[in-house]
1. Report ³J(HN,Hα) in whole Hz for each residue of the range 247-257, in order, from the Karplus equation J = 6.51 cos²θ - 1.76 cosθ + 1.60 where θ = phi - 60°; Gly and Pro get x.
2. With a Förster radius of 51 Å, plug the Cβ-Cβ distance of residue 342 and residue 138 into 1/(1 + (r/R0)^6) and report the FRET value to the nearest 0.05.
3. Please give the FRET efficiency for residue 160 paired with residue 369, using the beta carbon to beta carbon distance and R0 = 45 Å, rounded to the nearest 0.05.
4. So if we plug the beta-carbon distance of residue 392 and residue 298 into 1/(1 + (r/R0)^6) with R0 = 41 Å, what FRET efficiency do we get, rounded to 0.05?
5. Mind running the shape call on the range 297-417? Use the C-alpha gyration tensor, a ≥ b ≥ c as the square roots of the eigenvalues: rounded below 1.5 for a/c, prolate if a/b tops b/c, oblate otherwise.
6. Solvent-accessible area of residue 400, probe 1.4 Å, all protein chains present, reported in Å² to the nearest ten, please.
7. Could you list, in their original order, any pairs among 220/249; 63/344; 142/220 whose Cα atoms are separated by more than 28 Å?
8. What residues qualify as long-range amide H neighbours of residue 136, i.e. H under 5 Å apart, gap of 5 or more or another chain, H built at 1.01 Å from N?
Amino acid sequence: MKKYSREILVLLLAAAIIIVYIIYQSKKELQPNTKDHITVIEEVKLAWGFPLNSITIDTAIVKQNQNLSDILYPLGLNAQAIDKIARNSKEVFDVRRIRAGNKYYLINCDTVRSPQHLVYEESMINYIVFNLDSQTVYRGQKEIDTLLQTSGGTITSSLWNAFVDNGASPVLAVELSDIFAWTIDFFGIQANDEFRVIYDELFIEDKFAGIGHIHAARFKHAGSNISAYYYNNNEQIGYFDDEGNSLRKAFLKAPLNFSRISSHFSNSRLHPILKIRRPHHGVDYAAPKGTPVYSIGDGLVVKKAFQASGGGNYITIKHNSVYTSQYMHLSKYAPGMASGVRVKQGQVIGYVGSSGLASGPHLDFRIYKNGTPVDPLKVEAPPVEPISNENKEGFMILRDSLNIRLQQIETHKLKSTELFVAE
């Protein structure tokens, strides 16, 4: 009897196991196969706003004397359609400004037809899209990637060469000369002067696209440290020194870019042509003929004339009740220059030449204070719009943060991947 009871128990246990297995399998079959139901979403790459995976692109370059009509006629558009496109583009882009050498692209979203869009690249960043079906036109801009960079070095020959030697874009030298134009005479840069700068580099489609924002910079020039910090709180915007004074002065430090001083202010100088000693109440900047000459400050043109006995073509600008500046030996004047015309600081007023009594192309630059000639290199113009008391604390916080980064450049370069956030 016990034997049968044991056998029955085994059979019941086996039956229970089989039932549990059947239930488990039935439930498993009811569960969805997650592997079969996963949807992989791939990022669609765009070009000028069009998905690259659904278009075809033909690339071409604008030929010499080629205009919009020359490009569109072969695509089957008639004169009426082309005229409508040109008229619709007036508020967006002047089609007469299509330049030889620039690229354009024909976008086809339907391979059985001719292209539906023409994309003209106005620059590395900006492009124009012509919808050939609707004859509409709109502007676009490529995505710009910003990378924080730093550079520092010692000047051995020129500011331009110093940046090249340190692996930085020489364009940075031009940008810095603009920032420090009121503070540093870049014609007086000396060997062993030093620079440090924190700035952004711009990239489009992994290609270098230029210099972006400069956050801070410092020059060690003639034994002095001169710093510039960019501050913007919507009330006050610009570059300021360590004390919160604006780097923008009433006058530019020099009236032209990148040259050398060939003659200084003197009460007795041997004239290179007349071979006699006489006062030279100006500074001569040697520069190639045609180099643009800028007004050092806002003012009124009070004289535009030719002086055969010396100065040649010259312009005199009255800046205020105290200061007047003069620019001599010009090869020609900038368009619109005439007595009574108001000019802005940094505006081109003429071009370097050798008119009058001159041994070669140069600018004779003079400044008068209350009618008396003064050495342009010694004129100290007061700063304008310093940081207000209300903004002082915020500026000091930003200054100290940037100062730490500038100090770091003295020992090592910041990694380009470090993030910089100015609040």
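The values are calculated or read from the model by the stated rules, or taken from the named source; none is laboratory data. Because the structure is predicted, anything quoted here is derived from the model rather than measured. FYI the Cβ positions are ideal-geometry reconstructions off the backbone, even for glycines, and counts take in every protein chain you see. With ligands, DNA and RNA removed, areas are computed over all heavy atoms of the protein, side chains included. Shrake-Rupley method; radii C 1.70, N 1.55, O 1.52, S 1.80 Å.
1. Values, residue by residue: 6, 7, 9, 5, 10, 5, 5, 8, x, 7, 9 Hz.
2. 0.85
3. Values: r = 33 Å, r/R0 = 0.74.
For residue 160 and residue 369, the calculated efficiency is 0.85.
4. Working: r = 28 Å, r/R0 = 0.67.
My answer for the efficiency is 0.90.
5. Values: a/c = 2.87, a/b = 2.00, b/c = 1.44.
Since a/c reaches 1.5 and a/b is larger than b/c, the shape of the range 297-417 is classed as prolate.
6. About 70 Å², ignoring ligands and nucleic acids.
7. Working: 220/249 19 Å; 63/344 38 Å; 142/220 38 Å.
Going by Cα-Cα distance, 63/344; 142/220 fall outside the 28 Å limit.
8. Distant-sequence amide H within range of residue 136: 131.
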